[in-house]
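A.B. asks: What follows is a structure written as structure tokens; I'll ask about it next.
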Amino acid sequence: MAIDLGGVTVQAVRVALDAAVLRHVAIANNIANAKTPGYQPLRVSFEDQLQRAGQMLGGSDDAALKSQLTRLAGEIESGRALKNADNGPVQLDREMVSLADNSLRYRALLQGMGTRTAILKLAINSTGV
Amino acid sequence: MDYTSAFAISASGMDVEKSRLETIALNLANVNSTAATDGTLYQPVRLLSGEKSTGSFDVMLNRFAPAQLPAGVEVRDVAPLSDGPRLVHEPGHPAADEAGFVAYPNVNPVSEMLLLIETTRSYEANVRALNAAKTMALAALEIGRAR
């Protein structure tokens, strides 16, 4: 039997990374359509759902959390997490702020993932044999 | 999720803004054009852009992704403005009519320059978005690298 080294954390981080990429796609589309008349900017809303999933973390029901994450991943992959904001035309400055924010979040997630890998490596290498 | 769609979207934005720039340049270049020998006068043009819809072929290829993923922007049309000619009284001019008026295209340099600035900024924003996607993709390559 293979030991699950990644666990729920890696699955959650993967979902969050995918969401960041989807959000980037939405922002890029908003910027590209900044001058399209009648265009409604796209938003990605899923953090509240991820938060709900996060509250299940540490509980005994690991399988439920996993299935919740899988559902979220499907929603992001298919683009169903994209919503049209109904607040008028694209504001380029706000989009640029979201762009910077999103890239930073993405990097932070990767950093966290890297640290986790480092801890695992440490555990593997410190057996003393 | 992959990055190719993000790159394609930003590229489509840059493409459209570049085409818009070309129409502005065309308008400005023809600001002093007189009528051709057949009598037609240059008409200032505007580029019309709109949101690109995901092609049906893409949907067919990618059955798991319904046609909801954004696909960027596209050029819809290059349409002439309906302004009449700008008449200048130059009686000695070879292109003047009987009353001494020469017809020039009604290009408004001020609005063209404003549109030019706006277009440049839009283009820059698209380049920023493209660079952000590139940085993110490069950062993702660092997953699992020994530190």
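The values are calculated or read from the model by the stated rules, or taken from the named source; none is laboratory data. Source: prediction; values computed, not measured. Cβ atoms come from the backbone with ideal geometry, glycine included; neighbour counts cover every protein chain shown.
A.B. asks: Considering only the range A:70-97, state which residues are touching a Gly at 6+ places or on another chain (Cβ under 9 Å) and within 11 Å of chain B (Cβ to nearest Cβ).
C.D. replies: A:Arg80 - this is the single residue of the range A:70-97 that is touching a Gly at 6+ places or on another chain (Cβ under 9 Å) and within 11 Å of chain B (Cβ to nearest Cβ).
A.B. asks: Test A:Arg107 against the stated conditions and say whether it is among the basic types (Lys, Arg) and either part of a loop (DSSP other than H, G, I, E, B) or at pLDDT 85 or above (or both).
C.D. replies: yes
A.B. asks: Please list, ordered by first then second residue, the pairs with beta carbon atoms under 7 Å, 6 or more apart or interchain, first in the range A:28-50 and more than 16 Å from B:Ala129 (Cα to Cα), second among the aliphatic types (A, V, I, L, M) and part of a loop (DSSP other than H, G, I, E, B).
C.D. replies: Sorted first by the residue in the range A:28-50, then by its partner, the pairs are A:Tyr39/A:Val90; A:Gln40/A:Ala85; A:Val44/A:Ala81; A:Ser45/A:Ala81; A:Phe46/A:Ala81.
A.B. asks: Separate question: Regarding B:Glu118, is this residue touching a Gly at 6+ places or on another chain (Cβ under 9 Å), surrounded by fewer than 17 Cβ atoms within 10 Å (Cβ to Cβ) and within 8 Å of chain A (Cβ to nearest Cβ)?
C.D. replies: So B:Glu118 fails the test.
A.B. asks: What number of residues in the range A:62-85 are free of Cβ contacts under 8 Å to residues at least 40 places away in the same chain and over 15 Å from the mean Cα position of the chain (by Cα)?
C.D. replies: Final tally of qualifying residues: 3.
A.B. asks: Given the residues B:Ala129, B:Ala95, B:Ala71, which is the only one that is part of a loop (DSSP other than H, G, I, E, B) and either closer than 19 Å to B:Phe7 by Cβ or under 17 Å from the mean Cα position of the chain (by Cα) (or both)?
C.D. replies: Every option except B:Ala71 fails the conditions.
A.B. asks: Just to be sure before I move on: is B:Ser111 away from chain A (no Cβ under 12 Å), at pLDDT below 90, out of contact with any Phe, Trp or Tyr (no Cβ under 8 Å at 6 or more places or on another chain) and not in a strand (DSSP E or B) in the structure I sent?
C.D. replies: Considered against the rule, which asks whether it is away from chain A (no Cβ under 12 Å), at pLDDT below 90, out of contact with any Phe, Trp or Tyr (no Cβ under 8 Å at 6 or more places or on another chain) and not in a strand (DSSP E or B), B:Ser111 comes out as no.
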